[in-house]
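Here, each number is a calculation from the coordinates, and none is a lab measurement. Since the structure is predicted, the reported quantities are computational estimates derived from the model, not experimental observations. For neighbour counting, all protein chains shown are included, and Cβ atoms are generated from backbone atoms with ideal geometry for every residue, glycine included.
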Amino acid sequence: MDKLDFVEGIKILSSCYQKVISNDDISIWYEMLQDIESEVFKKAIIELCKERTYMLTIHDILDKTKIVKNNYYLSTLEQMKKMDTSN
């Protein structure tokens, strides 16, 4: 993901938890999370904001992105199976 997509996700996070995230933290978090696809990152942030009461950690986000990505792949496979059986 690029920095602009990352900052958009951090804005959501900051708004959900009413917390200002320092520039140092943003730099460190970006370094740790930059390999995540932007759509997966944003979806994970939104889902976590709905589920969690307290501010997230990098590990919370990493764990959730794995789940989001796996669910995406599973739904894609199911759609492919449906298309295959209808032909």
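Observations on the structure shown:
- Partner lysines for residue 64 [C-alpha distance under 25 Å; skip if fewer than 8 residues away on the same chain]: 3, 11, 19, 42, 43, 50
- Folded to 0 to 90 degrees: helix 38-51 orientation relative to the chain principal axis, Cα: 70 degrees
- Segment 8-46: trypsin sites (Lys or Arg not before Pro) in DSSP loop, at most 16 other beta carbons within 10 Å: 19
- Think of the chain as having a plus end and a minus end, set by charges on the Cβ of Lys, Arg, Asp and Glu; of 10, 44, 79, 79 sits farthest toward the positive end of this dipole.
- Here the chain is treated with +1 on each Lys and Arg Cβ and -1 on each Asp and Glu Cβ, and its dipole about the Cα centre works out to around 340 debye.
- ³J(HN,Hα), Karplus 6.51/-1.76/1.60, whole Hz, each residue of segment 16-21, x for Gly, Pro: 4, 9, 6, 10, 7, 9
- Cβ-based net charge around residue 34, under 11 Å, with every Lys or Arg adding one and every Asp or Glu removing one: -4
- Semi-axis lengths, Å, the chain, gyration tensor of Cα atoms, sqrt of 5 times eigenvalues: 30, 14, 10
- With both labels modelled 7 Å from their Cα along Cα-to-Cβ, the residue 2 to residue 51 distance reads 2.9 nm.
- With respect to the chain, whose longest principal axis is taken over its alpha-carbon atoms, helix 23-33 is tilted by about 20°.
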